[in-house]
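Reviewing the structure listed below.
The values are calculated or read from the model by the stated rules, or taken from the named source; none is laboratory data. Just so we're clear, the structure is a prediction, and the values are computed from it rather than from any experiment. Ideal geometry is used to build each Cβ from the backbone, glycine not excepted, and the neighbour counts take in all protein chains shown.
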Amino acid sequence: MFKKKVRNFAMASVFAIAVFVWLFTGLVQVGEAAQSDLLSLPPYVGMPTESSVLVNLVAGARPISCRIRFHRADADKPAWSFSEKTAMKPDEVADLRLTGLESGTRYIYEVMAAVEGEGTEQTIAGGGFKTRMVRPDKFSFAVFSDSHITPRAPERVGVLGPVADAVAFRKPDFALALGDNIQALGNTHAGPFVNPGDPRICYTLYRQGLRHLPSETVLFNVIGNWEGENGWHPEQARAWARETRMKMIPGPGVQRYAEGGSPDGGYYAFTWGDVLCIALHVTGYTPTNHALGSKEGKVDDWTLGEQQLAWLTECLKTSTAKWKLIFTHHTVGGRAGDDENSRYGRGGALAAHVGEQQKVHELMQKYGVQAFFYGHDHVFTYQEADGIPYICVGSAGAPWKFGPGETGYPWSVRDSGFVWVDVDGERMGVSFIAGDASVQGGRELKHYEIERGKARSQ
Ligand SMILES: [Fe+2]
């Protein structure tokens, strides 16, 4: 009897302690959540002009009113400026515009919010960015590609994370993601999407994978063949993908730079200091099916479409920038390790004279483009065609690393990572950096120097 009482008391005590611990930790979690769950993702900064940026916010589960305060990063005594105040419903996405900024200047910002109708405003997120640099000066930028983020393979977020952290640690002026940033949820290779809500799931996971990179660095977006926006996809499915991308990834589109581009943000250009950066949409205007394994698409029937090609020509012709660079998912034609991969658009410099890439290559020669950056092949390599370097920037999440049988490249680096570019007067340093969680800023694996007007391998 006594033993039974002792046992019951002991069991009751364990239960009481368990309840207390559960209640206590629960309260702590609720307390923390009150501050952190007002946004469901870290902010994403895009579309930097010489006097403004957009900060994209995604609300959490409660209605909030929020605004952003900001000041120059080099200010001794911060004098805060404020954005307009915005009311956001649960899960709503909004771009807040910061204006009155100075060109080529780094700023710090804080997102301040209050639950609608209760509580006082508190700082719930923050970061920094640099505005578009108008006057020529040396600077650095980063390029990464092919994260292939999808809820069907959540482990890829774990590969993108250290790459994103390493880029953020280095504080470039801006970064570019060269496509296949997400992986369309569909029943066939590389999309199309089959449910209207799926693009939001993919872009949400992608932004989680980027961690605080887009809060700390302006990030430009380029579209690949896995975004669900290919020319051979049904328009309805493309619209789901396009609208979600434009909502969750702020960038050139409806608002554009003086260099112009497409209203859907597929292709655009901007000038940073004395560097013209041109982003192309290589899969958006090709009507024939180029999914891997499709017998329909040919090595030489890829097309940028009449409008994009005319715009590219005009953009190169009118720019007086010292440096001209092209960024796209792959060449506008393929010549790789085998026929299937060639039709898929692989091969970089090997495809310089195939199909419409021949036209792009001639434009690069005529107007002095110094480098062609692309992704798609998931490895780092640089090969020259007529002295113009074609730089494949590796991958930052994709599990597949293609070998010479697929790509046709005599050499390549398969580590996950990003390309780091230093622009300094007449030279441009190009490094490939592995995203190594144990080394802040990553680990350099390869280096390549481009002298203006002359490419030189090391
Ligand atoms: Fe890819």
Worksheet item: List the pairs whose first member sits in segment 343-368 and is more than 14 Å from Leu309 (Cβ to Cβ), whose second member is of a type in the set (Val, Ile, Thr) and assigned to a helix (DSSP H, G or I), and whose Cβ atoms are under 6 Å apart, counting only residues at least 6 apart or on separate chains?
Response: Arg346/Thr407
Worksheet item: Of Gly333, Gly394, which residue is buried (at least 22 other Cβ atoms within 10 Å of the Cβ), under 25 Å from His148 (Cα atoms) and either within 14 Å of the ligand (Cβ to nearest atom) or basic (Lys, Arg) (or both)?
Response: Gly394
Worksheet entry | Among the candidates Gly179, Gly224, Gly228, Gly209, residue that is over 19 Å from Gly417 (Cβ atoms), of a type in the set (Gly, Ala, Ser) and in contact (Cβ under 8 Å) with a residue 12 or more places away in the chain | Gly228
Worksheet, complete the sentence: Note on Ala142: of the conditions (1) at pLDDT 95 or above; (2) under 15 Å from Trp226 (Cα atoms), unmet is (2)
Item to complete: Give the residues of segment 137-152 that are within 16 Å of Asn181 (Cβ to Cβ) and away from the ligand (no atom under 13 Å from the Cβ), sorted by residue number.
Response: Ala142, Val143, Pro151, Arg152
Item to complete: Output the number of residues of segment 414-438 satisfying the condition of being more than 16 Å from the ligand (Cβ to nearest atom) and outside any loop (DSSP other than H, G, I, E, B).
Response: 13
Discussion item. Tell me yes or no: at least one residue of segment 133-140 is at positive phi and touching a residue at least 40 places away in the same chain (Cβ under 8 Å).
Written reply: no
Response to the item:
Of the residues in segment 186-204, those that are over 14 Å from the mean Cα position of the chain (by Cα) and modelled with pLDDT of 95 or more come to Pro192, Phe193, Val194, Asn195, Pro196, Gly197, Asp198, Pro199, Arg200, Ile201
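Here's the yes/no breakdown for (1) in a helix (DSSP H, G or I); (2) within 16 Å of the ligand (Cβ to nearest atom); (3) over 24 Å from Ala168 (Cβ atoms); (4) not aliphatic (A, V, I, L, M):
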site: Phe193; (1), (2), (3), (4): no, no, yes, yes
site: Pro196; (1), (2), (3), (4): no, no, yes, yes
site: Pro199; (1), (2), (3), (4): yes, no, yes, yes
site: Tyr206; (1), (2), (3), (4): yes, yes, no, yes
site: Arg211; (1), (2), (3), (4): no, no, no, yes
site: Pro214; (1), (2), (3), (4): yes, no, no, yes
site: Phe220; (1), (2), (3), (4): no, no, no, yes
site: Gly224; (1), (2), (3), (4): no, yes, no, yes
site: Glu229; (1), (2), (3), (4): no, yes, yes, yes
Worksheet item: Could you count how many residues in segment 259-304 are touching a Leu at 6+ places or on another chain (Cβ under 8 Å) and among the acidic types (Asp, Glu)?
Response: 1
Worksheet item: Scanning segment 404-413 for residues that are within 16 Å of the ligand (Cβ to nearest atom) and touching a residue at least 40 places away in the same chain (Cβ under 8 Å), which turns out nearest to Asn221 (Cα to Cα)?
Response: Thr407
Item to complete: Would you check if there is a residue in segment 375-384 being within 16 Å of the ligand (Cβ to nearest atom), aromatic (Phe, Trp, Tyr) and either out of contact with any His (no Cβ under 8 Å at 6 or more places or on another chain) or in the same structural domain as Gln183 (by TED's automatic domain parsing) (or both)?
Response: yes
Response to the item:
Trp400 passes all but one of the listed conditions (1) touching a residue at least 24 places away in the same chain (Cβ under 8 Å); (2) farther than 16 Å from Val421 by Cα; (3) within 15 Å of the ligand (Cβ to nearest atom); the exception is number (1)
Worksheet, complete the sentence: Conditions (1) buried (at least 17 other Cβ atoms within 10 Å of the Cβ); (2) aliphatic (A, V, I, L, M); (3) in contact with a Gly (Cβ under 9 Å, 6 or more places away or on another chain) -> Val254 fails only (1)
Worksheet entry | Unique match (being outside the structural domain of Arg72 (by TED's automatic domain parsing), within 16 Å of the ligand (Cβ to nearest atom) and among the hydrophobic types (A, V, I, L, M, F, W, C)) among Ala184, Ala164, Ala168 | Ala184
